[in-house]
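Remarks on the structure that follows.
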Amino acid sequence: MEVKVFGDGIKNLKELLEEKGASPYAPCAGRGTCGQCIVKVLSGPCPPSERDKEVLSADEIGQGMRLACRAFPNGDITVAVPEKKNPVICTEFSVNSTHQTDHSVSSQADKSASGLRVGIDLGTTTIVLTTLGSDGTAGETRAFLNPLSVYGSDVVSRLESAAGGKLHEMKDLLRRKIEDELRILIGTTVFNGKKTMEDCTSGIRDTSTSSDEKIRSNPERKAQIAPAVDSVMTHVSRIALAGNTVMTHIFMGWDVSGLGKYPFKPYSLDAAQTELLGIPVTVFPGISAFVGSDIVAGIYGLDLINGRVGDMLMDLGTNGEMVLMTEKGLIASSASAGPALEGAHISCGTGCVEGAVTGITLENLRPVLTVAGARSFRPTDNTANNSANDSPSGTPGLSDTSVHPSGTAGSSGTSAHPSGTAGLSGTSVHPSGNKGLSGTSVHPSGNKGLAGACGSAILELVDELLRTGILSSDGTFSKNYADEGFAFGTDRNGRVLALTQADVREIQLAKGAVSTAALMLCEKGCTDPKDLHISLAGGMGSGLRPERIRRTGLIPAVSEVRAVGNSVLCGLMRFFRDSSDPASTSSALRALSDIAGSVTVYDLALDDKFQKKFLDSLDFIQE
Ligand code: FES
């Protein structure tokens with residue numbers, strides 16, 4: 001998209017673009033750390049910043065590339081802003097419990113329920129809406145990016161904004177977006193026909209894929225169609241919502257000041273009632289500041305409360321939250337993996353959007369990519385010039401790194417929900433046509449360019465680099481790759497996508513935090529990690545292929561790992577099925593509150609063994 005702005009030399013380009021409704025992708029909310037808000041200045045005065053010189057090549061700067069949050073144009077300029085890609089989000093879920101008994105369907109209750117019910121999985125990165133029909137079956141699903149990303153991709157940035165006076169602005173933005181998406185979802189479900197849907201929601205449909213700015217820019221059209229659109233909402237009887245504690249606080253407009261500092265006290269963890277478009281909404285209860293109602297939904301959906309000792313729910317879609325069934329009941333913990341597992345703060349990384357690489361294997365050192373939403377390509381030329389070299393570069397390790405287990409991992413000190421790798425139904429793409437990128441890469445031609453690599457692909461590549469000896473177990477690249485990293489393709493702008501030494505360090509921090517939390521939870525629960533039965537949930541969890549990332553050590557080597565998809569939706573749907581009338585609703589709500597109240601939270605931040613164990617866990621596995 002081309003946008004014209006006038007710069008006064010004081011406002012940065014990101015702010016100017018936001019005013020025009022053309023926000024660039026900005027995971028660090030303008031802190032200058034993520035290096036991802038790249039736009040192209042087509043004309044006008046906009047000198048490169050110091051940060052540009054660190055992040056971009058001289059070539060790229062010469063072509064007009066700038067980090068929008070670090071550019072201060074002076075005068076009229078025209079900018080090309082990359083299109084935001086649709087997220088590929090995990091909306092699937094299994095209704096089997098962790099212990100393989102079918103707990104799930106109260107079919108009698110379903111039959112007496114009237115109207116559609118809608119479950120909302122309120123994630124930090126993505127939001128998923130799913131309907132449950134009166135026959136008890138899950139129906140339409142709508143998934144979209146959380147509009148609060150303009151306040152940063154991680155919960156810490158958003159907490160800062162909310163605590164800094166923007167809470168109600170954020171609540172309004174979030175609710176407005178959910179309401180607009182609800183209208184479309186329900187219109188589609190009720191009319192089950194495109195024409196009627198377009199008649200009802202054309203104004204909103206136009207705006208739904210990109211930003212709320214467009215909706216606001218056409219208030220007349222919105223007012224004109226609102227009655228027709230809202231009439232479809234009478235088909236909805238109830239809504240239930242679950243999310244992490246920060247997101248549910250913002251959604252409710254609750255004071256978040258206690259969440260950002262010790263002792264991390266939420267305003268409320270109780271189940272709550274509110275409304276959207278006049279429809280009653282039940283917000284699930286939470287467990288702690290770091291273990292939210294999304295985990296309660298997962299426990300309920302998978303019936304973990306009645307599970308076996310050793311059953312573990314691991315939700316890598318967000319903050320590395322995990323719950324373990326022990327002899328004494330459920331214990332839960334949370335470890336911030338930082339943003340690396342969702343592709344942020346990784347030079348070649350991206351969320352799981354169309355065109356993102358979701359899996360990488362090496363065939364004779366040639367990268368074979370799986371790309372989300374890609375067409376199938378056959379290899380036409382496999383003359384790439386990858387070659388392994390075993391000499392370690394001597395890049396320093398991470399022995400002096402420190403991390404807070406529940407919210408500050410990653411070198412940037414941020415906490416994020418790595419949910420960017422969901423629903424990996426992508427198509428295998430063979431690289432063809434070598435472009436000779438630093439002598440180490442192939443260029444996947446036939447594609448219009450890659451969006452980047454999401455967390456699952458980055459982990460798979462690390463595993464492959466360990467297998468081939470290009471990375472050593474301490475995460476150091478061998479000599480030939482030490483400077484440029486390992487390249488696996490190019491993006492839409494022709495930039496080389498390579499996993500660098502700095503990226504590997506970020507991954508080490510992330511996997512160290514998650515694996516340490518899992519192992520310490522086992523220790524606390526007197527469970528041998530080998531006896532774990534892990535249910536991997538969430539976008540990141542569903543996208544991972546455990547056998548392809550074994551060497552990274554992210555997931556303990558255990559007897560059983562299975563992907564259960566979106567466990568939050570599973571819990572929301574079970575709630576509806578269990579609560580068709582006031583009496584059963586009270587009982588289902590009591591069950592949720594009992595779960596929330598029964599889980600013991602193990603706060604790793606208060607355990608002084610964490611730091612040492614974390615440092616000990618940074619190495620990879622190399623056989
Ligand atoms: S938003 Fe500009 S560097 Fe992150």
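The values are calculated or read from the model by the stated rules, or taken from the named source; none is laboratory data. Nothing here was measured: the structure is a model prediction, and the numbers come from that model. Methodologically, a virtual Cβ is constructed for each residue, glycine included, from the backbone with ideal geometry; neighbour enumeration extends over all protein chains shown.
Within region 158-172, residues that are over 15 Å from L259 (Cα atoms) have Cβ atoms under 6 Å from residues that are in a helix (DSSP H, G or I) in these pairs: M170/L148; M170/A162; M170/I250; K171/I250, counting only partners at least 6 apart in sequence or on another chain.
Can you spot a residue in region 107-117 that is at pLDDT 85 or above, within 20 Å of L241 (Cβ to Cβ) and under 23 Å from the mean Cα position of the chain (by Cα)? Spell out how you get there, then give the answer.
Residues of region 107-117 that are at pLDDT 85 or above, as a first pass: 116-117.
After this cut, where a residue has to be within 20 Å of L241 (Cβ to Cβ) as well, the list is 116-117.
Okay, now just the ones that are also under 23 Å from the mean Cα position of the chain (by Cα), so none.
Looking for residues that are at pLDDT 85 or above, within 20 Å of L241 (Cβ to Cβ) and under 23 Å from the mean Cα position of the chain (by Cα), one finds none in region 107-117, hence no.
Looking at T585, T527, just one residue is outside the structural domain of A242 (by TED's automatic domain parsing), in a loop (DSSP other than H, G, I, E, B) and not hydrophobic (A, V, I, L, M, F, W, C), and that residue is T527.
Restricting attention to region 16-51, the residues being without any contact (Cβ under 8 Å) to a residue 24 or more places away in the chain, within 13 Å of the ligand (Cβ to nearest atom) and either surrounded by 22 or more Cβ atoms within 10 Å (Cβ to Cβ) or assigned to a helix (DSSP H, G or I) (or both) number 2.
Restricting attention to strands (runs of 3 or more DSSP E) lying wholly within region 313-371, give those where 2 or more residues are more than 30 Å from E523 (Cα to Cα), touching a helix residue (DSSP H, G or I) at 6+ places or on another chain (Cβ under 8 Å) and modelled with pLDDT of 80 or more.
On the way: elements: 321-326, 329-334, 356-363, 366-371.
It comes to 356-363, 366-371.
Which ones in region 333-373 are within 16 Å of the chain's Cα centre (by Cα) and of a type in the set (D, E)? Correct list: E342, E354. Taking the conditions exactly as written (of a type outside the set (A, V, I, L, M, F, W, C), within 16 Å of M252 (Cβ to Cβ) and touching a Leu at 6+ places or on another chain (Cβ under 6 Å)), does P280 satisfy them or not? Considered against the rule, which asks whether it is of a type outside the set (A, V, I, L, M, F, W, C), within 16 Å of M252 (Cβ to Cβ) and touching a Leu at 6+ places or on another chain (Cβ under 6 Å), P280 comes out as no. Scanning region 477-494 for residues that are in contact with a Ser or Thr (Cβ under 8 Å, 6 or more places away or on another chain) and crowded, with 20+ Cβ neighbours inside 10 Å yields F477, Y481, G485, F486, A487, F488, G489. Just one of the numbered conditions (1) under 17 Å from the mean Cα position of the chain (by Cα); (2) under 30 Å from G115 (Cα atoms) is not true of A272: (1). When E60, E54 are checked against the criterion of being away from the ligand (no atom under 11 Å from the Cβ) and acidic (D, E), a single residue qualifies: E60. In this structure, does L13 turn out to be under 27 Å from E342 (Cβ atoms), over 25 Å from the mean Cα position of the chain (by Cα) and modelled with pLDDT of 90 or more? Here the answer is yes, as L13 does meet what is asked.
Being closer than 9 Å to C46 by Cα and more than 16 Å from the ligand (Cβ to nearest atom) is the filter here; which residues of region 65-83 pass it?
Narrowing region 65-83 to residues closer than 9 Å to C46 by Cα: 66, 71-75, 77.
Within region 65-83, N74, G75, I77 meet the criteria.
When region 259-277 is filtered for residues that are part of a loop (DSSP other than H, G, I, E, B) and under 21 Å from S586 (Cα atoms), the ones remaining, listed by number, are S268, L269, D270, A271. Only one entry of G469, G512 meets the criterion of being touching a residue at least 40 places away in the same chain (Cβ under 8 Å), out of contact with any Gly (no Cβ under 7 Å at 6 or more places or on another chain) and not in a helix (DSSP H, G or I), and that entry is G469. Evaluate region 85-97: report whether one residue or more is of a type in the set (A, V, I, L, M, F, W, C), modelled with pLDDT of 90 or more and closer than 30 Å to D581 by Cα. No, region 85-97 has no match at all.
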